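Read through the structure below, which is laid out as structure tokens, and then see the notes.
The values are calculated or read from the model by the stated rules, or taken from the named source; none is laboratory data. Values in this document were obtained by computation on a predicted structure and should not be read as measured data. Glycine also receives a Cβ, built like all others from the backbone with ideal geometry; neighbour counts cover every protein chain displayed. Only protein heavy atoms, including side chains, enter the accessible area calculation; ligands, DNA and RNA are left aside. Shrake-Rupley method; radii C 1.70, N 1.55, O 1.52, S 1.80 Å.
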Amino acid sequence: DTMRRVVRQSKFRHVFGQAVKNDQCYDDIRVSRVTWDSSFCAVNPRFVAIIVDASGGGAFLVLPLHKTGRIDKSYPTVCGHTGPVLDIDWCPHNDQVIASGSEDCTVMVWQIPENGLTLSLTEPVVVLEGHSKRVGIVAWHPTARNVLLSAGCDNAIIIWNVGTGEALINLDDMHVDMIYNVSWNRNGSLICTSSKDKKVRVIDPRKQEIVAEKEKTHEGARPMRAIFLADGNIFTTGFSRMSERQLALWNPKNMEEPIALHEMDTSNGVLLPFYDPDTNIIYLCGKGDSSIRYFEITDESPYVHYLNTFSSKEPQRGMGFMPKRGLDVNKCEIARFFKLHERKCEPIIMTVPRKSDLFQDDLYPDTAGPEAALEAEEWFEGKNADPLLISLKHGYIPGKNRDLKVVKKNILDNKPAANKKSDLINAPKKAADASNTQNEAKLDEILKELKSIKDTITNQDERISKLEQQMAKIAD
């Protein structure tokens, strides 16, 4: 025992963060000043999206990654909401599709043109209406295509089939207080939520039941966060009764005691956790902090190992986290953050120092690719599937994304959903139904026209044959 290594061996012990040079930042952006604890920024291998201040409604910017430097004030935005945008999330299976939740009680799903916006986008592909209060959380399903979760200040969680614009699951009686965050597990069979009542709940959304819950996960009154890790454990951040920031690790099968609980400091910003399942590293970005701390999660005590802190001068207003396939594997980059200041967005790159130029396969196990493992219908019927993995050995080459098509079902053959709350949900589909009725009216018109043309042709045929007979008689 005395010979035990003092310093734990880990290939991530020397991970270091570095902000990019000034000309690689996105400048002159008016970052949203809404008081809401979401990250205000979402990134993927093509675009960075940032919620911005907008007069008379809600808007966010979508910039191609290479469009760095000063962003013109007249740069087009995505601006269809009538209230401030509170949360945005890129679809994991289509790099041109993004969802937004807003104070106007709606969720909108947008299709961004391949090379970015040249004009402001006001028409979403689909508007999802079902919440009665503002929608502060949107989160795509990790493995099923077109499945989107939204959570609102009405304490309800709705799971939508975006492909049909329908709400298929409505969990509106599980939370008695504000929902702080929602996280899917690795295969999307469960969600975990943290709430203002200091409880963390693990929910099976399709069975509509709470599988596990823990009261007073953190004793303090300030907002908590709870996320699923790849092994099924849950990582939480919150505050102690003395307002110290804490982090904890839980096993949902036995939530009596945490596997690990660490106190950190007495700052009052909410800690937003960003998790990389491939390396099992968690990055904690406090809102209003000027640092990012990172920890490695292992199955040996103390389970949550502090690695290091990246510090800078400016506090962060929000933070975007790049999926693994958007990173530069040749530079041993294992994470990239997009830090929001008041007026700009600054990428921060996390690197593992290595001498060799070869592909480091220990840093880059196969990672979740952009292909969905399931269709929405399969998931709603009860199927589960892990993410489909891709190798990053030769870097990630974005393929062609298919357009998001929304097929509105005919309301006449709408079978009642297998959900006791289906009536509540179907109410807000007036807009969809109106367009359906219009389409049906058009169809009727066309069919009538066709029929009259056919009738005319038949009449003409009869006349011609009569005339031919008369001609024949005359000729005789």
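With respect to residue 163, determine if the residue is in a loop (DSSP other than H, G, I, E, B), open to solvent by less than 20 Å² (accessible area, probe 1.4 Å) and touching a residue at least 60 places away in the same chain (Cβ under 8 Å).
In short, yes.
Taking residue 92 and the conditions (1) under 14 Å from the mean Cα position of the chain (by Cα); (2) in a strand (DSSP E or B), which numbered condition does it fall short on, given that it satisfies the others?
(2)
Mind listing whichever residues of region 355-387 are free of Cβ contacts under 8 Å to residues at least 24 places away in the same chain and open to solvent by 80 Å² or more (accessible area, probe 1.4 Å)?
Hits for region 355-387 are 355, 358, 381, 383.
Could you figure out which of (1) over 30 Å from residue 370 (Cα atoms); (2) open to solvent by 20 Å² or more (accessible area, probe 1.4 Å); (3) assigned to a strand (DSSP E or B) isn't true of residue 274?
(1)
Within region 396-415, is there a residue that is part of a helix (DSSP H, G or I), over 28 Å from the mean Cα position of the chain (by Cα), modelled with pLDDT under 85 and of a type in the set (A, V, I, L, M, F, W, C)?
There is at least one residue in region 396-415 that is part of a helix (DSSP H, G or I), over 28 Å from the mean Cα position of the chain (by Cα), modelled with pLDDT under 85 and of a type in the set (A, V, I, L, M, F, W, C).
In the set 283, 306, which member is open to solvent by 40 Å² or more (accessible area, probe 1.4 Å) and of a type outside the set (A, V, I, L, M, F, W, C)?
None of the other options fit; the residue is 306.
Which one of 222, 201, 241, 206 is more than 17 Å from residue 101 (Cβ to Cβ), in contact with an Asp or Glu (Cβ under 7 Å, 6 or more places away or on another chain), assigned by the TED database to the domain that holds residue 266 and in a loop (DSSP other than H, G, I, E, B)?
241
Condition test on residue 20, is it hydrophobic (A, V, I, L, M, F, W, C), surrounded by fewer than 17 Cβ atoms within 10 Å (Cβ to Cβ) and at pLDDT 95 or above?
Judged against the criteria, residue 20 is a match.
On the basis of being touching a residue at least 60 places away in the same chain (Cβ under 8 Å), in a strand (DSSP E or B), open to solvent by 10 Å² or more (accessible area, probe 1.4 Å) and not basic (Lys, Arg), does residue 296 make the cut?
yes
Looking at (1) open to solvent by less than 20 Å² (accessible area, probe 1.4 Å); (2) part of a strand (DSSP E or B); (3) of a type outside the set (Ser, Thr, Tyr), can you tell me which one residue 269 breaks?
(2) is the only condition that residue 269 fails.
Can you tell me how many residues within region 92-139 are among the hydrophobic types (A, V, I, L, M, F, W, C), open to solvent by 10 Å² or more (accessible area, probe 1.4 Å), in contact (Cβ under 8 Å) with a residue 60 or more places away in the chain and within 18 Å of residue 407 (Cβ to Cβ)?
2
Taking the criterion of being of a type in the set (Val, Ile, Thr) and surrounded by fewer than 16 Cβ atoms within 10 Å (Cβ to Cβ), would at least one residue in region 309-324 satisfy it?
Yes - at least one qualifying residue is present in region 309-324.
Quick check: anything in region 334-354 open to solvent by 20 Å² or more (accessible area, probe 1.4 Å) and within 26 Å of residue 226 (Cβ to Cβ)?
Yes; the residues of region 334-354 include at least one that is open to solvent by 20 Å² or more (accessible area, probe 1.4 Å) and within 26 Å of residue 226 (Cβ to Cβ).
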